[in-house]
Structure formats: structure tokens, C-alpha cells
1. From the list 256, 214, exactly one residue is assigned by TED's automatic domain parsing to the domain that holds residue 58, within 26 Å of residue 124 (Cβ to Cβ) and in contact with a Pro (Cβ under 8 Å, 6 or more places away or on another chain). Which is it?
2. Out of the strands (runs of 3 or more DSSP E) lying entirely within segment 58-136, which hold 1 or more residues that are modelled with pLDDT under 95 and closer than 19 Å to residue 227 by Cβ?
3. Only residues that are buried (at least 19 other Cβ atoms within 10 Å of the Cβ) and farther than 28 Å from residue 246 by Cβ: list them for segment 152-198, please.
4. Just the residues that are surrounded by 19 or more Cβ atoms within 10 Å (Cβ to Cβ) and hydroxyl-bearing (Ser, Thr, Tyr), please, taken from segment 201-255.
5. Hey, any hits in segment 418-434 for a residue that's surrounded by 15 or more Cβ atoms within 10 Å (Cβ to Cβ), touching a residue at least 40 places away in the same chain (Cβ under 8 Å), on the phi < 0 side of the Ramachandran plot and assigned to a helix (DSSP H, G or I)?
6. Does residue 133 satisfy the condition of being assigned by TED's automatic domain parsing to the domain that holds residue 196, among the hydrophobic types (A, V, I, L, M, F, W, C) and farther than 30 Å from residue 254 by Cβ?
7. From 329, 321, 273, 338, grab the single residue that is in a helix (DSSP H, G or I), loosely packed, with under 12 Cβ neighbours inside 10 Å, modelled with pLDDT of 95 or more and of a type outside the set (S, T, N, Q).
8. Are there any pairs, at least 6 apart or on different chains, whose C-beta atoms fall under 6 Å, with the first in segment 123-145 and touching a residue at least 60 places away in the same chain (Cβ under 8 Å) and the second acidic (Asp, Glu) and part of a loop (DSSP other than H, G, I, E, B), and if so, which?
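The values are calculated or read from the model by the stated rules, or taken from the named source; none is laboratory data. This one's a predicted model, so the numbers in the text were calculated from it and none came from an experiment. So basically every Cβ, Gly included, is an ideal-geometry build from the backbone, and we count neighbours across all protein chains shown.
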Amino acid sequence: MLAAFAKVSGWHRRFTHDAILAPPQFNASIRWRTDRKRCVPAVQCYDNFLGIRTMTGPLQGIRIFDMSRVLAGPSCTQLLGDLGAEIIKVERPGEGDDTRKWGPPFLKNAAGQDTDESSYYLSANRAKRSLTLDFTKPAGRDLALGLIAQSDVLVENYKVGTLARYGLGYETLHRELPRLVYCSVTGFGQTGPYAARPGYDFLAQAMGGIMSLQGEPEGEPMKGAVAVADLMTGMYSAVAILAALHHRDRTGEGQQIDMALLDTQVAWLGNQAQSYLTSGKVPPRLGNAHASVVPYQVFASTDGYVVLACGNDGQFRKFCACAGVPELAQDPRFATNAARVVNRAVLVPEISCIIQQKPTAEWITMLEREGVPCSPINRLDQVFADPQVQARGMVVPMKHPDAPAPIALLANPIKYSATPVAYLLPPPTLGEHTDAILRDMLGLTGEEIAALRAAGVV
């Protein structure tokens with residue numbers, strides 16, 4: 001029997017491996033205990049972990065065991081990683097996160113050939129270390145338990161009940177790790193008649209009502225071009241995790257966070273949902289128009305489009321003066337926003353005829369000078385060439401082991417004055433940090449790790 005010891009902050013975890021050199025008959029049992037006052041070791045100096053500089057942001061000292069895949073969970077953990085948390089991304093050996101294959105486009109290597117890193121995967125997996133681990137095998141489960149015991153947060157997005165079958169469910173872990181924050185992300189939540197169903201962003205957008213509000217009035221319902229239900233679930237999950245950590249630090253109590261794509265989609269229907277709840281009337285699909293503000297939509301110019309967004313009566317009067325039609329603002333049918341909403345069908349064609357008389361750039365110059373909210377509609381190349389976007393640093397270059405030059409990644413939009421986001425870890429290759437994590441956190445030797453790899457455990 002081989003034993004490896006990991007000593008962290010004055011307490012020990014022991015892993016005993018029977019017949020470790022005889023895969024696939026690998027049988028492992030782990031005896032581990034936790035300090036009831038703290039489920040994560042009080043490691044303050046992270047500079048030596050894996051031999052590289054690590055997180056420096058406001059969440060430094062928080063460790064997250066990330067068992068999530070695709071987008072909602074990974075976007076949550078990338079955000080927390082950007083803010084300084086240490087993220088251990090758990091992936092299936094030989095396969096990895098599903099989104100690694102969601103391409104093209106794929107990252108190109110020095111020879112100009114596709115690598116195994118899709119742009120989709122790159123978008124949500126910065127600031128993480130990749131650990132390949134098959135927790136469905138007893139040895140893999142035991143390794144997972146040892147790593148979870150040294151973590152503050154577990155994030156997972158498996159179907160309801162999946163992790164419980166392997167001894168990794170919330171109830172089991174909470175008994176041994178009462179301070180652990182356990183965030184479960186699913187399509188429909190842990191309860192309700194749909195709980196067992198698989199969930200996807202497209203389904204959440206459809207079932208959650210947003211598609212009924214998007215698209216032209218006479219056209220088909222439209223989903224968002226970006227997976228907004230996934231991304232917003234990731235955002236809500238990050239907020240929930242931070243609040244749960246604050247509660248834990250005050251009370252010593254961890255808890256489960258039950259996040260659902262459908263719940264999130266319904267919640268951020270926002271004012272449209274409240275309009276229905278208040279009036280009992282189903283809001284119509286208005287294309288690019290606003291249900292409660294007029295004019296607040298897209299208008300065609302001579303060479304493109306202009307977004308005109310008059311959020312109050314003063315701005316509407318300024319627009320009318322700038323457009324050479326001050327009488328429109330004096331017309332009782334259009335003098336107030338409420339009147340303009342009622343008379344939308346009359347006013348919008350009038351404005352459309354006016355906007356069609358000049359090119360977009362001329363309208364933007366005129367309206368901005370008068371303080372009227374307006375915008376062109378930019379393609380993505382125009383977005384990243386915009387001087388404001390560039391001044392705000394919304395693209396960050398990062399070195400990647402598969403690329404000959406730094407790759408461009410979307411930056412985090414959060415701007416701190418004291419603890420700025422530090423971009424230290426690019427999206428990892430599959431299993432890039434497996435050996436280092438097992439060695440540094442669990443004290444395994446190279447021989448033991450090789451045996452686990454031969455057994456298909458890592």
C-alpha cells in the first residue's frame with residue numbers, strides 16, 4: 001500500500017491506494033477529515049502553487065472546484081477567476097469540455113493548422129487550470145473528494161442526481177464539509193416537474209418568453225445571437241456564490257445554490273414581465289422598437305442605420321429641433337412620451353422619412369452635438385476598432401501554449417481602482433495542470449500519477 005500525505009495549514013489528508021500499480025483493478029479509499037471551522041486550508045501565499053504566479057484580485061485565497069461544462073457554469077467561474085479566485089477546471093480524460101469541439105473557428109498553431117481549442121471554448125475558460133479526472137471511477141471520486149475538501153466552492157452542471165450517485169452530491173459533501181458552497185446549475189432547477197430534463201440556452205429562451213418579444217411583428221420569434229440565458233445564469237451564479245461566501249464567513253455555514261436557466265430567463269424579462277403582471281396584457285413583438293418609449297428604435301439613413309433613443313421629452317424636443325421639425329414636439333399627439341407611445345403608428349413613419357434624408361455619420365455628428373442619444377449599428381470589426389472600446393481595453397492579449405503569438409481574448413469589463421483584474425492564465429489545454437495539481441495539492445508522486453493515468457482515472 002502506498003500513501004501520500006498533504007499537509008496544509010496544520011492538518012493532514014491521507015490517501016491510501018491499494019494495488020496502485022496494477023490498473024485497471026485500481027481500488028482507492030481516502031480517509032480525510034476537515035476542520036469544522038474551515039473546509040478550505042488557510043493558504044495565503046499562492047505564489048508557489050504550480051510554480052507560477054497566481055491570482056491577485058479581491059477573491060485571492062478562494063479556491064473553486066469547477067465541474068461545469070459548456071457556458072453557464074464556465075462563464076461564472078471565469079468571472080470569479082478574473083477576480084482572483086483559483087479555479088480548478090475538471091474535465092473528462094481524453095474528451096474535455098464539450099465546447100473544445102464547438103468550431104470552427106479553432107485556434108491556429110505555428111503551422112497555421114487548427115488546434116483542439118475552439119474559439120467558443122476560449123471565450124469562457126480563462127483564469128483556470130485544467131485537471132483531467134474521471135470521477136465515475138472509485139479512484140477518481142476519491143481524488144475529487146480530496147480536492148473538494150481543500151476548496152471553498154464547488155460548481156457543477158450535471159443533471160439532477162448525477163453527482164449523488166458517485167458520492168459527490170450536496171447532502172453527502174455538506175455533512176463532511178459544512179462550510180462548502182455548492183452551486184448547481186441546471187436547465188430547470190433541482191425541483192419541479194421539469195427538473196429531470198436536460199436544459200439548453202435555446203430552450204430557456206423559448207420557454208422563458210424572450211423569443212416571443214424578439215423579432216419583427218410579422219416575422220417569426222427570434223432568439224438572441226448570443227447565449228444570453230447561459231451567460232446571465234453564469235452572472236447570477238457568480239453573484240450568488242459571492243453572497244454565500246459572505247454568509248459562510250459570518251456564520252460558518254455553507255449551502256447549496258440552485259440555479260436554473262429557465263428561472264434566470266424568466267427573471268430577466270424585467271420590465272416586460274412586470275408590464276404583463278401589472279396589466280394582464282401580453283406584450284406584442286415590436287422588432288427594434290421599445291414597448292414604453294418612443295422614439296426608441298432603429299431608423300434607416302441614406303447609407304445605413306441610426307439608433308435613436310429619446311428617453312425623455314427634452315431629448316425628443318432637441319431631436320426635432322436638430323432635424324428641422326420643431327413643430328413635431330409641439331403637436332399634442334407627440335408632446336409627451338405617453339402620447340407618443342399611443343400615437344406610435346403616426347409618429348414613427350414621420351421620423352423614418354426624416355432620417356432617410358441624411359447619411360448615418362451626419363446624423364450621429366448632429367445629434368451628439370445636441371445631446372440626443374444615438375448610435376450607429378456596428379459590425380464586430382467596427383466594434384473592436386472603436387476608439388472608446390480600445391481606450392477601455394476590452395481586448396486582452398494572452399500567451400497560449402498552442403499559438404505562435406499572443407491570442408486576443410475579450411477582457412473583463414470590471415474596472416477596479418485598487419485590485420484590477422490580472423490576466424495571468426490563458427484558457428488551458430486539456431489536462432495541462434493535472435500532474436501539478438495532484439502533486440502539489442494531494443502529494444502524489446510521479447509514479448502514482450502515471451499509474452492513475454494508465455488506469456484512465458486522470
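1. Only one candidate passes the filter, namely 214.
2. In segment 58-136, there are no strands (runs of 3 or more DSSP E) which contain 1 or more residues that are modelled with pLDDT under 95 and closer than 19 Å to residue 227 by Cβ.
3. None - no residue of segment 152-198 is buried (at least 19 other Cβ atoms within 10 Å of the Cβ) and farther than 28 Å from residue 246 by Cβ, so the list stays empty.
4. 233, 236, 237 - these are the residues of segment 201-255 that are surrounded by 19 or more Cβ atoms within 10 Å (Cβ to Cβ) and hydroxyl-bearing (Ser, Thr, Tyr).
5. yes
6. For residue 133, the condition - assigned by TED's automatic domain parsing to the domain that holds residue 196, among the hydrophobic types (A, V, I, L, M, F, W, C) and farther than 30 Å from residue 254 by Cβ - is not met.
7. Just one listed residue meets the conditions, 338.
8. Cβ pairs passing all conditions: 130/432; 140/134.
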